[in-house]
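Values in this text are rule-based calculations from the coordinates and carry no lab data. These figures come from a predicted structure and were not determined experimentally. FYI the Cβ positions are ideal-geometry reconstructions off the backbone, even for glycines, and counts take in every protein chain you see.
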Ligand code: T4K
């Protein structure tokens, strides 16, 4: 760690153990171990095994759809969904998302067309979507960022009127609802990620959920090389299968959901207090009337009020072992290969650019306690009191906007 960054620490209040964003929520480990033992006793490790089927059934029941097809991860699930839905040419996606949303298209030589987001919802702005449609556009992929729903009705209306396919990247939104209906049940299909950092996880995993029987059949074939029976390949396919070990982790995680939600909600309430210590911080709200997983504690740092910039604050937090993240900085349009394709894309994405530069995500989940958040509140208070000196020290370290990950994690 750079000396100037070290000097940012309050002498007494660094967290003893680093607090990560995305520390996995672990379910009941005794039951998990029993399941793992049963996998080896049964000698069936992958290829549509009994635990994968059980996991699929439980996810489908929870979401209220006819089909859940479990996959090895969310990115492959997106790739398969995109191919099965028949997307080609250009597809409209947000840039304010994790890079996998765009990569899943580009990987198949489909052009992601980046659309700006609405500043309130942080999700695709339907008005902007409409403007980006060209004769090459085949579809729209909305992302329910942080588990907060897209404007589904507006996107459905556009898709229907312009004859486009609509699907959703619901990587963050497992266990969340929109207008009383579970996320996972909208569009042609939706895709979940069950990565270790997600609210419910399999270690690595993903799934496509849909009510479309034909699409579900196609996706099942594509997930397993296109095999229909022992020797018959009827489709171009890949290996997208979830294995039994990941399904075992997923089942325990599903069973832990009530506890994970309670903890996340408690942590969120603690953060509501903690952020008051530093002016200009605002927590992204979750609609109270809907089901939510509260997996992301997202903070907007208003540069006109906060005495420290988002990046300065992240550096200070890291110096205290609070490993806040700049999700999703710098915006997918500023990453390769997209920044080489569209060097001026930022001009068309003012809201994305603004969010990417002022949002930070704080640690939550079952490994974060109310006391930890109390300590984070004290760091905010201390930062508010010492903002002038901290700004000066930080100016001597890393120029703003550049990556400081290596320094703070060293
Ligand atoms: N669409 C969207 C909107 C997504 O957000 C994602 C994934 C996808 C699609 C693709 O789904 P997957 O193919 O991943 O299933 C992380 C996750 O790897 C990624 O799944 C997630 N989104 C993204 C938002 O976050 P990184 O590069 O930030 O991960 P990393 O390695 O820095 O880990 C994040 C934090 O979690 C670290 O602070 C450490 C902690 N962690 C992580 C792991 C894996 C642990 O404490 N334990 C662990 O086992 O992408």
**Request:** Which order do the peptides 225-238, 245-258, 87-100 take when ranked by the mean count of other beta-carbon atoms within 10 Å per residue, highest first?
**Result:** 87-100, 245-258, 225-238
**Message:** Please report the antiparallel percentage of the DSSP beta bridges confined to the stretch 49-207, to the nearest 5.
**Reply:** 30
**Message:** What do you get for the angle between helix 244-255 and the principal long axis of the chain? Use alpha-carbon atoms, 0 to 90 degrees, nearest ten.
**Reply:** 60
**Request:** Under 1.5 on a/c is rounded, so check that first for the stretch 1-139, then, if it is not, pick prolate when a/b is larger than b/c and oblate when it is not; a ≥ b ≥ c are the square roots of the alpha carbon gyration tensor eigenvalues.
**Result:** oblate
**Asked** Within the chain, what percent of beta bridges assigned by DSSP are antiparallel, to the nearest 5?
**Response** 60
**Fill in**
Highest GNM mean-square fluctuation among 135, 50, 279, for the chain with Cα springs under 10 Å, belongs to 135
**Request:** Sort the chain into rounded, prolate or oblate with this rule: let a ≥ b ≥ c be the square roots of the eigenvalues of the Cα gyration tensor; rounded if a/c is under 1.5, and if a/c is not under 1.5, prolate when a/b is larger than b/c, oblate otherwise.
**Result:** oblate
**Message:** On C-alpha positions alone, give me the angle between the axis of helix 74-85 and the longest principal axis of the chain, in degrees, nearest 10.
**Reply:** 40
**Message:** Based on alpha-carbon centroids, what's the gap between the stretch 185-223 and the stretch 248-279 in Å, whole number please?
**Reply:** 24
**Item:** Ordering of 173-183, 71-81 by burial proxy (mean other Cβ atoms within 10 Å per residue, highest first)
**Value:** 71-81, 173-183
**Prompt:** How far is helix 152-161 tilted off the main Cα axis of the chain, in degrees rounded to 10, range 0 to 90?
**Reply:** 50
**Fill in**
Rounded to the nearest 5, the percent of DSSP beta bridges in the stretch 129-282 running antiparallel is 55
**Prompt:** What is the order of 304, 138, fewest Cβ neighbours within 10 Å to most?
**Reply:** 304, 138
**Item:** Tensor-based shape of the stretch 195-303 (alpha-carbon gyration tensor, a/c under 1.5 rounded, otherwise prolate or oblate)
**Value:** prolate
